Amino acid sequence: MQKYSAVYSLASLFLTILLSVSQAKAQLEVPPQLKWKTLKTAHFEVIFNAEQQDLGYLYAEKLEKAYSELRSYFHSRPDKTIVIINDKTDVTNGYATRIPYPHIMAYPVLPGPEESLSDTGDWAFELLAHEYTHILTFEPANGIMKPLRAVFGTIIAPNILMPQWWKEGVAVEMETRLSDHGRLRSHYQDATVRAMVDAKTLRDFDIAEANENIYTWPQGARPYLFGSLMWSQMIADKGTKVVGELHERQGGRVPYFIETPARDYLGASYSSEYDSMMKETELRALEQLKTLREISPTATITPQNNFQSVSAPAISPDGKHLALITEDDGNSRAVKILTKEKDGQSFLDSRMTDTIERFNESFIPATQKDGPPTGSIQRISWFPDSKRLIYDKIDYTNRIQRYSDLFVYELGERKAKALTKGLRGREPAVSPSGNQVVFVKLDGNRTHLGLIHLATENNPPAELLFSPPMQQRVSYPTFLDEDTIVFSLRTEDGRENLHRYSISSKTSEAVLTDYPNARFARKTTEGVIFASAKNGVPNLYLSDVEFKNVRPISHTLTALFTADMDPLNKEIFATEMTSQGLRVSAIKPDEWQKTPNTLPQVSSLMGDRYAKAERNPQAEEEARNAVKASELDDYSPYGYLLPRYWMPFISGSSSETGLVIEAQTSGFDPLKKHMYEIAASWDTGINKGSILGSYINQTTPWPFAVLSYKRSYYLGTVSNEIEDFGAQLSVLPDTHWASIYSNLQVGWQYLERTTLTTEVKRTGPYAYLSYANYSQSGAQISPESGGGAYLGAYNYIAQEGYLNHSQFLAGGEIYLSRFLPKHHAIMLRLNGVYTPEKVSPIYGVSTESMVFIPNSPLPQYILRGYKRGQLFGRNLVTVNAEYRLPLKDLYRGSGTDALFLRRLSAAVVGDAAAAEGRFVNDVDLVYEVTSMNKPYYSAGVEAKLETTLGYVIPVNVVLGYYVAFQAPKGPEGVLATALQITGF
């Protein structure tokens, strides 16, 4: 048995080119036709769509206010922070980073009523205070880090490598402390904690797990939930000065050594402080539960199922169907229908008959984000005939913008049709006649009440009925009759009440104003059901349609949100917060009817730590003055493009006798209209250097890219040195009209290869088309369905002094899991290169010995068990088959150690390859001629350990044992390892 040695592969050239250019599609940030403005204040440059100038000025003032408020907590601040207001999505999100310069990307859509962020007030301020806290967190560089930052630039930011709970927790703390709302005052977060404490599961979440995004509840919210409670506890124990002290001290330390500052300033380790926080949180929740149990809570029945969440119940008017929104452990969100099989039956005894829509939350191009996940489907409503329903879904309307649209599903046809395209509409409801649909229309930082008069044509026009001021949220409209709509309106100060709107008179009035946080109104046969936090806990209430008589119909220990009533047996089905997340539970009629009129009262779980934020006249005045003194200019990208950092790397040499010393930098303007990357290296083993530069321009409808490189390496043996020089120009046509899963590159390239005996030049056009519709998320250890394919054509034209030939690349993969045990999967992959002309094998491709980029749709010529580059040729085909299976969920770490073990999986693999070219016999040191009639086989087993390294870097460690059946000495076993960095 032997271990692998590393050899540079010809396939790496194709991979480098395709990766460099295909990144452009994933990073398309804004539509190229939009005009942008830059508002320069004392501390920020706010970049916004020229048509949203009011939004730009609002955000500028909120930012300057956040600066004034936060400077008393943080000692280090950047001179300027770039803030982009990018209204390209209806998903509530954003992110902050300091690479290559401090900047914030804010997606300004208001949170929906059932999101964890729903209990907001001044949304713009809370969002920007949260993100600017991140910028201030990343800023300190003290002690040894100060000269290192002077040398290496903005990449030196020790606190950016702190645990996620540390970074997100302090941001949630500040969004709460500086406002009247924020998640530490949220009914949603309080309900989450009470549910865990009541089920005795709170202590299951240790400090190591608090850093992670794990598919079980509370999923990606862990760092926000437990991190915010942790910072709240630290400040309660040591005062607000601890914020600046810990940030400054940690900013002068080597990353991952984080406990010493905690012991110095907290008097205990982070792990001990975390235990104290959990005890205090548990005591507070137990006290609330004790108060709430002064009256017996409403008994609910929660059906057992395998979904991660179930929400938004909607019952058909005839009482035969119950529609739900579900999310499985692979993050696939779907609309499901339960159907009664006989009269008098309860939905609790019904079976699931239809899956209307299955939308994978994870299948979007990888982007930075800062927030727990939000759902792509929000609400379901039935038509009065009970034969159709309508729902909303967020999806790509073009290859950049991701907006909400409305869809209608016909039960008879079992087919969904898009009602709108690019509407930005969510939360639809149908009128009693079935001729109108009311919905919430979204814009940047604002909402509207919209109406569609249904017609025969697709994408019927929409009418705006009611447009409140910016920052006010309209949600969950419902028809009371053909002319009257009830909806919720949440104002900038956080007050939320039901409002009644008359279509004919175009008037709106607030109703039931003594029921705070009122939302999710739905008309039933018994009246209007809605949710309110009147007693400090979101409960269900029932009102007559005139809103004169109201009474509670639930008394929950956690929270109840959306609900509907079975018109036949009067059972209520409601979204309930449980210790396992959101579930749809049933309340029997005799149970909800006996709810007392007065419920026990509780206040915010941590509210005593956060007095109502008093106005800060000085901060407000400074913010107004900063905006008054600001300068408004047309956006220009060029001042942002100078390199701000460089990053050194050291790795093993391709010659196995030296080292590769590499330096890399990159840059882009805030809108990513221009992006570039430069990398240079020196191989001490062969005493030669390499350099690569790439540039992507996205100012035109079709982005274009320029790539140039010079590489020095060897093939097969150290004596066979090769030097490549290449240049490429390509464009990326928009293929969204054909499929959102496709990508096309068309371009021209120049290649020059020098060996010990030859120098060959090639140039010509090429086209490369790819398609991939698979993803992996949640509990999945592999994609389980879907597949991908690619086709590339290269024509190196004839001219004097140039090699003339053509070349074709084709391949694809498919993932299968049907009939297999849960989360087992089969992967089948085929990759091939065909060169019609008889050129030297070195102008083809070569095999790779391991998979370093898992589940990539790009060409990978894998032949495990053999050395890297051992088989190469002008024509080459590889076939790979893998049976993948989960072994064990680990999900454990040790305190604040910078290593977290996630899960272990395995695979049985088999590879086959054939080439019209050469096989490197490394025993006899000869190149053996091989043909497509001589296949090379291997088989083996792999174990994969998924980890989080350094708190933020997902790293897979793969250990494989393979048998190469056609090795030079006969069948030979090989032990190999690989590190895979995924999704970072």
- Charge dipole of the chain built from unit charges on the beta carbon (Lys, Arg +1; Asp, Glu -1), centred at mean Cα; most positive-end Cα among Pro111, Ile337, Gly434 is Ile337
- Message: How large is the Rg to Rh ratio of the stretch 733-981 when both quantities use alpha carbon positions and Rh follows Kirkwood?
- Response: 1.01
- Message: Taking 30 Å as R0, compute the FRET efficiency from the Cβ-Cβ separation of Met647 and Thr260 and round it to 0.05.
- Response: 0.70
- Query: Between Ser72 and Ala912, how many nm apart are label points set 7 Å from Cα along the C-beta direction?
  - Reply: 7.4
- What Kirkwood hydrodynamic radius do you get for the stretch 300-522 when you take the inverse of the mean 1/r over all pairs of distinct Cα atoms, in Å? 18.5
- Find the centroid of the Cα atoms in the stretch 874-890 and in the stretch 283-316, then give the distance between the two in whole Å. 43
- Message: Within 13 Å, Cβ to Cβ, of His448, how many net charges do the neighbouring residues add up to if Lys/Arg are +1 and Asp/Glu are -1?
- Response: +2
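Determine the per residue accessible area of the stretch 109-152 with all protein chains present and a 1.4 angstrom probe, expressed in square angstrom.
So the stretch 109-152 comes to 24 Å² accessible per residue, rounded to a whole number.
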- Note on the structure: Rounded to the nearest 0.05, FRET efficiency between Ile853 and Asp734 (Cβ-Cβ, R0 25 Å) equals 0.45
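Please report the orientation-averaged projected area of the stretch 32-190, defined via the convex hull of its C-alpha atoms, in nm².
Here the figure is 10.1 nm², rounded to one decimal.
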- Note on the structure: From highest to lowest solvent-accessible area (probe 1.4 Å; ligands, DNA and RNA excluded), Arg500, Arg644, Arg892, Arg222 read Arg892, Arg644, Arg500, Arg222
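Please list, by residue number, every one of the trypsin sites (Lys or Arg not before Pro) in the stretch 824-887 that is coil in DSSP and has at most 14 other beta-carbon atoms within 10 Å.
Working: sites: Arg829, Lys838, Arg864, Lys867, Arg868, Arg874, Arg884; in loops: Lys838, Arg864, Lys867, Arg868.
Here the sparse-neighbourhood loop sites are Lys838.
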- Query: Any idea what the dipole of the chain comes to, in debye rounded to 20, about its Cα centre with Lys/Arg Cβ at +1 and Asp/Glu Cβ at -1?
  - Reply: 960
- Which value, in nm² and rounded to one decimal, describes the direction-averaged projected area of the C-alpha convex hull of the stretch 807-902? 8.8
- Using the alpha-carbon atoms, what tilt in degrees (0 to 90, nearest 10) does helix 164-177 show relative to the longest principal axis of the chain? 30
- With a point put 7 Å past each Cα toward its Cβ, work out how far Ala793 is from Glu413 in nm, to one decimal. 3.7
- Query: Using a 1.4 angstrom probe and counting only protein chains, how large is the accessible area of Thr735 in Å², to 10?
  - Reply: 20
- Item | Length gained when the stretch Leu959-Val746 is fully extended (0.36 nm per residue, less Cα-Cα span) | 72.9 nm
- Item | Cα-centre dipole for the stretch 733-981 with unit charges at Cβ (Lys and Arg positive, Asp and Glu negative), debye to 20 | 420
- Whole Å is fine, so just give me how far the alpha carbon centre of the stretch 541-591 lies from that of the stretch 730-791. 52
- Item | Accessible surface, per residue, of the stretch 300-522 when the full set of protein chains is kept, probe 1.4 Å, Å² | 38
- Query: When only C-alpha pairs under 8 Å and at least 6 residues apart count, what is the relative contact order of the stretch 851-938, in percent?
  - Reply: 30
- Message: Can you compute the equivalent ellipsoid semi-axes for the chain, i.e. the square root of 5 times each eigenvalue of the Cα gyration tensor, sorted largest first and rounded to whole Å?
- Response: 51, 33, 29
- Going 7 Å from the Cα of Lys200 toward and past its Cβ, which residues in the stretch 263-291 have a backbone nitrogen under 16 Å from where you end up? 282-283, 286
- So for the chain, taking the charge dipole from beta-carbon charges (+1 Lys/Arg, -1 Asp/Glu), which of Gly873, Pro617, Phe205 sits furthest toward the positive end? Gly873
- Message: Report, in listed order, any pair from Lys167/Lys241; Lys40/Lys80; Lys534/Lys594; Lys340/Lys588; Lys35/Lys88; Lys200/Lys822 with a Cα-Cα distance greater than 20 Å.
- Response: Lys200/Lys822
- Of Asp79, Asp90, which has the most accessible area and how do the rest follow, probe 1.4 Å? Asp79, Asp90
- Sparse-neighbourhood loop sites, chymotrypsin sites (Phe, Trp or Tyr not before Pro) in the stretch 662-765 - DSSP loop, at most 15 other Cβ within 10 angstrom: Trp737
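When the accessible area of the stretch 684-742 is split by element with a 1.4 Å probe, what percent falls to carbon and sulfur?
Values: 1620 of 2490 Å².
Here it works out to 65 percent.
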- Task: Please get the size of the charge dipole for the stretch 300-522, origin at its Cα centre, with Cβ charges of +1 on Lys and Arg and -1 on Asp and Glu, quoted in debye to the nearest 20.
- Result: 380
- Over all pairs of different Cα atoms in the stretch 860-984, the reciprocal of the mean inverse distance gives a Kirkwood radius in Å of 16.2
- How much mean residue ellipticity at 222 nm does the chain get from its helices, if each DSSP H run of length 4 or more adds -39500 (n - 2.57) and you divide by all residues, to the nearest 500 deg cm²/dmol? -5000 deg cm²/dmol
- Item | Listed residues Gln745, Thr977, Ala789: farthest to the positive end of the dipole of the stretch 733-981 (Cβ charges) | Thr977
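The values are calculated or read from the model by the stated rules, or taken from the named source; none is laboratory data. Just so we're clear, the structure is a prediction, and the values are computed from it rather than from any experiment. Backbone-built Cβ (ideal geometry, glycine too); neighbour counts: all protein chains shown. Only protein heavy atoms, including side chains, enter the accessible area calculation; ligands, DNA and RNA are left aside. Shrake-Rupley method; radii C 1.70, N 1.55, O 1.52, S 1.80 Å.
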